[in-house]
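S.K.: Below is the structure I would like to discuss, written out as structure tokens.
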Amino acid sequence: MSKGFIKLQTSIEESWTSISSAIKNKNSINGISSGLLDIDSKLGGFKNSDLIILAGRPSMGKTALGVNLAINACKYFLTQKNTKDNVVQSVGFFSLEMSSQQISTRILSIESEINSSALFNGKIDVQDVDKLKTVQDEIQK
């Protein structure tokens, strides 16, 4: 994050570096993958300076999409050995509609491929419990 004004010349040099990188890597994204090809092709991946806001009508899947984007960004960092300049990378997620427990239940649901309604209602069998425990252990690593 900048602490003051940036000279146009400096900004143009940074833009040129980014454009040059994109030219060299035509078939890859120049940022953090969303995990969704259509979004990556339009945005070129998420950049450090990006603030992503999902908006829409109620019950249209904003939180589901946001959680999936966050999971995919986490997986991207894991494939990049989770370090950049020896700094552990992380993903921030904010929701105005759901608690952290509801979001973490969604994450467990997505990663275990168990319906979130079944998790919220406790209607899962022993195999699903084992699957959930495995996913929980993987996430906590």
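The values are calculated or read from the model by the stated rules, or taken from the named source; none is laboratory data. Because the structure is predicted, anything quoted here is derived from the model rather than measured. Neighbour counts are summed over all protein chains in view; Cβ atoms, including those assigned to glycine, are modelled from backbone coordinates with ideal geometry.
S.K.: Before we move on, is L132 of a type outside the set (G, A, S) and either surrounded by 13 or more Cβ atoms within 10 Å (Cβ to Cβ) or at pLDDT 90 or above (or both)?
M.R.: Values: of a type outside the set (G, A, S): yes; either surrounded by 13 or more Cβ atoms within 10 Å (Cβ to Cβ) or at pLDDT 90 or above (or both): yes.
So L132 fits the description; yes.
Per-residue answers, yes or no, for (1) within 28 Å of S15 (Cβ to Cβ); (2) in contact with a Leu (Cβ under 6 Å, 6 or more places away or on another chain); (3) at pLDDT 85 or above:
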{"site": "N27", "(1), (2), (3)": "yes, no, no"}
{"site": "I53", "(1), (2), (3)": "yes, no, yes"}
{"site": "L69", "(1), (2), (3)": "yes, no, yes"}
{"site": "V87", "(1), (2), (3)": "yes, no, no"}
{"site": "I107", "(1), (2), (3)": "no, no, yes"}
{"site": "I110", "(1), (2), (3)": "no, no, yes"}
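S.K.: Without any contact (Cβ under 8 Å) to a residue 60 or more places away in the chain and farther than 23 Å from T63 by Cα: which single residue out of Q136, Q127 fits that description? Walk me through it before giving the result.
M.R.: Details: Q136 fails: farther than 23 Å from T63 by Cα.
Going through Q136, Q127 in turn, just one is without any contact (Cβ under 8 Å) to a residue 60 or more places away in the chain and farther than 23 Å from T63 by Cα: Q127.
This table checks each residue for (1) loosely packed, with under 11 Cβ neighbours inside 10 Å; (2) touching a His at 6+ places or on another chain (Cβ under 8 Å); (3) hydroxyl-bearing (S, T, Y).
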residue	(1), (2), (3)
K3	yes, no, no
I6	yes, no, no
I32	no, no, no
I39	no, no, no
L43	no, no, no
N48	yes, no, no
I52	no, no, no
A73	no, no, no
Y76	no, no, yes
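S.K.: Also, quick follow-up: Report whether or not I124 is part of a loop (DSSP other than H, G, I, E, B) and modelled with pLDDT of 90 or more.
M.R.: Yes: the conditions hold for I124.
S.K.: How many residues does the stretch 1-49 hold that are farther than 17 Å from N68 by Cα and acidic (D, E)?
M.R.: So the count comes out to 2.
S.K.: Among the residues of the stretch 13-39, write down those that are under 16 Å from V91 (Cβ atoms) and not small (G, A, S).
M.R.: I32, L36, I39
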